[in-house]
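The structure appears right after this line, and notes come after that.
The values are calculated or read from the model by the stated rules, or taken from the named source; none is laboratory data. Predicted model only: the values in this text are computed from it and were never measured. No Cβ is skipped: glycine too gets one built from the backbone with ideal geometry, and neighbour counts run over all protein chains shown. These accessible areas exclude ligands, DNA and RNA; they are computed on the full protein's heavy atoms, side chains included. Shrake-Rupley method; radii C 1.70, N 1.55, O 1.52, S 1.80 Å.
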Amino acid sequence: MALKERVFSGVQPTGNLHLGNYLGAIVKFVALQERYDCIYCVVDLHALTQPMSIWGGPTGLASNTREVTAAYLAAGIDPKKHIVFNQSQVHEHSELAWIFNCVARMGWLGRMTQFKDKAGKDRENASVGLFTYPNLMAADILVYRATHVPVGEDQKQHLELSRDIAQKFNNDFGTSILAHGHGDTFFPLPEPLIRGAATRVMSLRDGTKKMSKSDASDYSRINLTDDADAIAQKIRKAKTDPEPLPHEEKGLEHRPEADNLVGIYAALADTSRAQVLAQFGGAQFSAFKAALIDLTVGKLAPLNAEMRRLIADPAYIDHVLADGALRAQRIAAETMKAVKDIVGFVHR
Ligand code: ATP
Ligand code: MG
């Protein structure tokens, strides 16, 4: 049976929204609205998998949730034509995640690099939720039977796991899926959309580490709430090497910091690394950084101002989220009803 094409993606309300989230995810979310029905979620249940100091505890969670919502809206996501909501308002995500906890295998989750990175050396002390995170992510996507998922490069492995879960469910329950009139597959195998010049924005302090909300150094990232001075200072201090910029992309190999700054420039200017190097090849970093500061401030200042305006009106943001949750739940509830029939649960 042909499934409707639908986009789903999310961002965690863990504070410090940064340029990587913007270029790797939010800019893509905006562009996809033209072609698809889109569902964009603030994944607050996921935030709880990390220590409370990261997601802000009961007082920080609400403001972080509103901040991500404000970034969605300020970037140009239309909450009327599409759906914007926070995950915990649609309980079907958790319900399907439990079923997926029983479909996914320990061995599959044991291979996830995000768990290894985030749990670090103190694995015994990581939350169980951090380990089963990818099952909830699969549920987020598949409760809407979404077909396309725009994410940054770091989420590729989790997307592959979502596909494995969808496939195993379709196989394990194949006879029941057919008997209930869904043909030979119930869940689509969701496709990751990982494209463009900034699928993996790196830390400004270390070109081999992903720019991340949870990095202890604020100089490692450009926050979407940074003002022009902060942006300029962070870019000026960004780590580089002593060579001028190369004329061709090949010259960026083994120069992670140069590659990162050129990638950021290309993504912000909506062009390619090759084009940026055609313009700046041979330039010193001081000149390139000055151009990058102008470009970044020019792009982020209006976003920043609009985010501030929206955050000052929490009642409006909460209304957007409630309206989105209502519409999301209609779709999710229909999927869960079908899943319950397929699995064999007795239900109302
Ligand atoms: P955390 O460290 O709490 O996991 P995060 O910065 O990874 O925070 P998420 O909310 O987990 O943010 O991710 C939201 C989206 O942003 C995902 O699609 C993810 O792939 C993307 N993303 C995160 N960091 C980067 C980055 N450095 N470059 C490009 N995309 C990124
Ligand atoms: Mg992340």
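Using θ = phi - 60° and the Karplus curve 6.51 cos²θ - 1.76 cosθ + 1.60, what whole-Hz ³J(HN,Hα) does each residue of segment 191-208 get, with Gly and Pro shown as x?
Computed from phi, the couplings for segment 191-208 are 9, x, 10, 10, 9, x, 7, 10, 7, 8, 6, 9, 4, 6, 9, 7, x, 9 Hz.
Mind checking segment 173-205 for trypsin sites (Lys or Arg not before Pro) that DSSP puts in a loop (not H, G, I, E or B) and that have at most 15 other Cβ atoms within 10 Å? Don't skip to the answer; put the middle values down first.
On the way: sites: Arg195, Arg200, Arg205; in loops: Arg195, Arg200, Arg205.
Here the trypsin sites (Lys or Arg not before Pro) that fit, given the DSSP loop and packing criteria, are Arg195.
At 1.4 Å probe size, with the rest of the protein present, what percent of the exposed accessible area of the chain is carbon and sulfur atoms? Don't skip to the end; give the middle numbers.
Details: 8350 of 16140 Å².
Ligands and nucleic acids excluded, carbon and sulfur give 52 percent.
Taking 51 Å as R0, compute the FRET efficiency from the Cβ-Cβ separation of Lys250 and Asp184 and round it to 0.05.
Details: r = 46 Å, r/R0 = 0.91.
The pair Lys250/Asp184 has a calculated efficiency of 0.65.
Counting only residues 5 or more places away or on other chains, whose amide H sits under 5 Å from the amide H of Met202 once H atoms are built in the peptide plane?
HN-HN under 5 Å from Met202: Met211.
DSSP loop (so not H, G, I, E, B), at most 13 other Cβ within 10 Å: list which GluC sites (Glu not before Pro) in segment 1-79 pass both filters. Each step should come with its number before you reach the end.
Values: sites: Glu5, Glu34, Glu67; in loops: Glu5, Glu34.
Listed in order of number, the matching sites are Glu5, Glu34.
Can you tell me what share of the DSSP beta bridges in the chain is antiparallel? A percent to the nearest 5 is fine.
Numbers: 2 of 16 bridges.
The antiparallel fraction comes to roughly 10 percent.
Per the helix-only calculation at 222 nm, which mean residue ellipticity applies to the chain, given -39500 (n - 2.57) for every DSSP H run of n ≥ 4 and division by its residues, nearest 500 deg cm²/dmol? Numbers along the way, then the final one.
Values: 15 runs with 181 residues, N = 348.
Helix-only estimate at 222 nm: -16000 deg cm²/dmol.
Quick query: amide H of Leu193 versus all other amide H atoms, modeled in the peptide plane; which residues come in under 5 Å with a sequence gap of 5 or more or a different chain?
Answer set, sorted by chain and number: Val149, Val151.
What are the ³J(HN,Hα) couplings of segment 265-275, residue after residue, when phi is run through the Karplus curve with 6.51, -1.76, 1.60 and θ = phi - 60°? Round to Hz, x for glycine and proline.
4, 4, 5, 5, 8, 6, 9, 10, 4, 4, 5
With no solvent and one equal point scatterer placed on each C-alpha of the chain, evaluate the Debye formula and give log10 I(q)/I(0) for q = 0.08 Å⁻¹, two decimals.
Summing over Cα pairs of the chain leads to -0.41.
Could you check which residue among Thr49, Thr147, Thr208 shows the biggest mean-square fluctuation in a GNM of the chain with a 10 Å Cα cutoff?
The residue that fluctuates most here is Thr208.
How large is the accessible surface per residue of the chain, computed with a 1.4 Å probe and reported in Å² as a whole number? Display every interim value, and only then the final one.
Values: 16140 Å² over 348 residues.
Per residue, the chain has 46 Å² of solvent-accessible surface.
Ignoring ligands, DNA and RNA, how do Arg145, Arg308 rank by accessible area with a 1.4 Å probe, largest first?
Values: Arg145 50, Arg308 140 Å².
Descending order: Arg308, Arg145.
So what does His319 come to for accessible area, using a 1.4 Å probe and Å² rounded to 10?
We get 110 Å² for His319.
Going down the table (Lys156/Lys250; Lys237/Lys289; Lys116/Lys210), which pairs top 20 Å between alpha carbons?
On the way: Lys156/Lys250 25 Å; Lys237/Lys289 10 Å; Lys116/Lys210 15 Å.
Checking Cα-Cα distances, Lys156/Lys250 exceed 20 Å.
Report ³J(HN,Hα) in whole Hz for each residue of segment 36-42, in order, from the Karplus equation J = 6.51 cos²θ - 1.76 cosθ + 1.60 where θ = phi - 60°; Gly and Pro get x.
10, 7, 10, 10, 10, 10, 9
Can you tell which of Phe131, Pro150, Pro58 lies farthest toward the positive end of the dipole of the chain, using +1 and -1 charges on the Cβ of basic and acidic side chains (Lys, Arg; Asp, Glu)?
The Cα lying farthest towards the positive end belongs to Phe131.
Please sort by residue number the GluC sites (Glu not before Pro) in segment 251-335 whose DSSP state is loop and whose Cβ has at most 15 other Cβ atoms within 10 Å. Could the numbers behind the result be given before it?
Working: sites: Glu253, Glu257, Glu306, Glu334; in loops: Glu253.
Taking segment 251-335 and a limit of 15 other Cβ atoms within 10 Å, the loop GluC sites (Glu not before Pro) found are Glu253.
Non-local amide H neighbours of His247 (under 5 Å, H modeled in plane, Pro and chain starts lacking H): which ones?
Close amide H contacts, sequence-distant or interchain: Gly282.
Report the charge-dipole magnitude of segment 202-348 in Debye, nearest 20, computed about the Cα centre from +1 at each Lys and Arg Cβ and -1 at each Asp and Glu Cβ.
Values: 21 positive and 21 negative charges, 94 e Å.
Here the size comes out at about 460 debye.
Find the relative contact order for the chain and round it to a whole percent, using C-alpha pairs within less than 8 Å whose residues are 6+ positions apart. Mind dumping the intermediate values first?
On the way: 530 pairs, mean separation 80.5, N = 348.
Reported as a whole number, the value is 23 percent.
Treat each spin label as a single point 7 Å out from the Cα along the C-beta direction, and report the Asp172 to Val128 distance in nm.
1.7 nm
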